[in-house]
1. What order do you get for B:207-213, A:244-250 when each peptide is scored by the mean count of other beta carbon atoms within 10 Å, highest first?
2. Given Cα pairs under 8 Å that are at least 6 residues apart, what percent is the relative contact order of chain A?
3. Taking just the alpha-carbon atoms of region B:159-450, what radius of gyration and Dmax come out, in angstrom?
4. Give A:Lys91/B:Lys355; A:Lys91/B:Lys192; B:Lys22/B:Lys125; B:Lys219/B:Lys320; B:Lys152/B:Lys403; B:Lys152/B:Lys388 a once-over and call out the pairs whose C-alpha atoms are over 32 Å from each other.
5. In degrees from 0 to 90, rounded to the nearest 10, what is the angle of the helix A:281-307 Cα long axis to the longest principal axis of chain A?
6. Could you tell me, in Å, what Rg and Dmax come out for the Cα atoms of region A:232-314?
7. Check cross-link reach from A:Lys236 to the lysines: straight Cα distance under 27 Å, and skip same-chain residues fewer than eight apart.
8. Could you list B:Ser27, B:Ser175, A:Ser268, A:Ser209 in order of exposure, starting from the residue whose Cβ has the fewest other Cβ atoms within 10 Å?
Amino acid sequence: MDTKKIKHRGRFSQVFIYLGKLFRMFIFQNDWKVFPMAAVIAGLVCYVVGANLFVTQEGTMIGTFALACICIWNGFFNSIQVICRERPIVKREHRSGMHISSYITAHMIYQAFLCIGQTVITLIVCRITKVNIPTQGLITNIALLDIGITLFLITYCADMMALMVSAMVHMTTTAMTIMPFLLIFQLVFSGAFFPLGNGAAKFTDLTISKWGLTALCSQGDYNSKPMVTLWNAVAKLQNTEFNGQKPVAEFMRQAQESGLKEYILAWSGKQNQNPVYAFSADNVLGCWGYLLLFIFIYASIAVICLEFIDRDKR
Amino acid sequence: MDIMNFLDTGSTDLLDVTNMVKWLLSSLGHFMIFKKFGVRPIYAFFPVVREYNVSVCAGKEKEGRTFAVINAVEVLLAIPYYLLKDSNSSFFQLIEIAILAAILADVLYQIRIYSGLCQAFGRSKRWLWGWFFVDEWIAIIWGFGESFQPQKQVEKVDADAGVKVSGVNAQVTDSGLTVNISERTTIDFFRKMVLLKDIHLSIPEGHMVLLLGGSGAGKTTFVNAVTGYEKADASIMLKEQDLYRDYKKMKYDVGFVPQQDLMRGNDTVLRTLADAATLRMPSGVSIFARRKRVRDVLEEFGLAAISSSLVEKLSGGQRKRLSIAMEFISDPSLFILDEPDSGLDGVVARGLFEKLRSIADSGKIVIVITHTPDRVIDLFDDVIVLAKDASRTGRLAYYGPVKEAYEFFGKDSMEDILLSINQTDEGGEGRGDEFVEKYADRMLEADRKAG
């Protein structure tokens, strides 16, 4: 046969072959379970931290951190095993003419579908649990959509990181061993909760959690929120007696009645301004940019790693 | 253990005299130990190389690779450790953590490998304590002590011990497969290994060929070299076209069915085959022609009735037929199957081989690896026999008609032929070299006659 004149499916056409396979797996396999799982996790987190999310600075910080963690958790679980569990099949298909870039692109599209679904579910759960969603959008003028895009990018970025790991390792057990380390790295190096030295602080720039959390804090207008730490610290002293009286308790009662409390909380908040969380479109776009860059890097590494699949030992 | 010594003693000076003396003593001890095992003694003075060769002496070559890598990591980490030790930076702390992790792994591997060394010397494992805490002295005692002798030497594979090479190229045929493999080599942990050598044969179209060989004789390596999947120093011509040069196009003309049924269990039979058709068939084929081809192949392989079943619900025989159908869908000229009958009972296996015979009869070349050839040997035209020679290289011990093979080896079954070429430590007769030479002589003789 004259093979020189015969053409086979190109990269673009092959994407649809694998997309079809993945969506069939979604129905026949258990991939659909990621949606109810996302609802349960979001429900738990909103129940615990939802009341003060986007209400106070502390609540916003804790809440956005928890939201970012939900997204990272969802993203990791979506794809941590998807490639390594069928690695020998991928090797066989690569031998038969499959393009790795098509295979990864199909996964990227499919995972985007899962991540969008999980983001929508998370937002619905936030609504149901009456989380105080910001009203002013910075990019699209629809705050919910802005928050949704951020949550999607965090989830998708974590998903791509897990996809990269799945493409690098050979066994599902290895992938599941690595995953907790990645998760802990994301939590510890988010740059929000744990005080880090100058050297270690540089690592926060490499985490999805940092950019996701920063975008969410910016969108929630962190700097305009009242700060309750000072008031709570004073409240701890309200039972202190002085000459048979409780002056701190009395001061707090009067402050609450006169509206001074709100002033104190707002004043505390003003003293705790963090330019990193500035309520600006540039700030949010910058964070999105980093997340998109990470997505591109992770997907590229996944393709490069899988291109060497022929070297897998028998 | 040198890096550990440097770290364990708490000394901050790499050139600390005590450490240097310890290292020298340990190296001298290992020098003599290597000598006793027949390993090049000079390796004792090179970190990492020493660790690997200790593992080889201990009969734990595989673990030794990881052990050597761990030691290499320790050596690499030791450099920034000593450069930054006074800086107290967070980066230095990370290095310390990494070194700690490496040392933990190192200790575990030391226990494994030095317990193997105790066994190789026929000594109690209590010596491990000595190896652990005063390794330099134990190395000296074991190295220089006359009463410390290994129970066996490290097995040497002499790369030049290979038997006769015919070097007679097979003539390229216009319709069949011509294989001329000079050598197939690989680098395995810094060592060059010759996996295949001097394999020349020509298979006419319409032939069904049995590929016979013991474990490690290079059957899969041969198949991968022939299909162009792992290229060798070779010329592989399929119907006068160079498979290596035009691999990207010609790979669609070669069907390889792996031993395992590598298919997605949660997809249907029809979709699995349809996707295989889309992937493997030329893009110029219309959707109607492709669908017809899928239907025809489903019928041909007896899968039409279960086309809507999930792959994971199929029986072993059905799954195997689907796996073959996935490659057959593109109508390849060369069809190679790696143990298609594994896990199948005699009747189902016979049916499968009859199907392969009919594929060969339709003008294809079918090469089959199987470990139970005698039950279906009547269906084969030719047999390729691969054997490991003295240098552990896969060599061609015979290629030709099945009936002549019995005469050539003086045996009356394929399993007996296999037994005769297998190494003695594998329970065989260890006559691989004899038949490789006999076949090389036969090729040289035929070449001389042909002028």
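1. On the way: B:207-213: 22.9, A:244-250: 12.3.
So the peptides B:207-213, A:244-250, ranked by packing, come out B:207-213, A:244-250.
2. Normalised by residue count, the contact order of chain A is 24 percent.
3. Here Rg and the maximum Cα pair distance are 19.5, 59 Å.
4. The pairs that break the limit, which is 32 Å between Cα atoms, are B:Lys152/B:Lys403.
5. 30 degrees
6. Cα-based Rg and Dmax for region A:232-314 come out at 27.4, 84 Å.
7. Answer for A:Lys236, where 27 Å is the Cα cut-off: A:Lys225, A:Lys246, A:Lys261, A:Lys270, listed by chain and number.
8. Ordered by Cβ neighbours within 10 Å, fewest first: B:Ser175, A:Ser268, B:Ser27, A:Ser209.
A short reminder: the numbers here are calculations on the coordinates, not readings from a lab. Predicted model, so just to flag it, every value in this text is computed and none were measured. Positions of Cβ are generated from backbone atoms using ideal geometry, with glycine treated the same way; all protein chains shown enter the neighbour counts.
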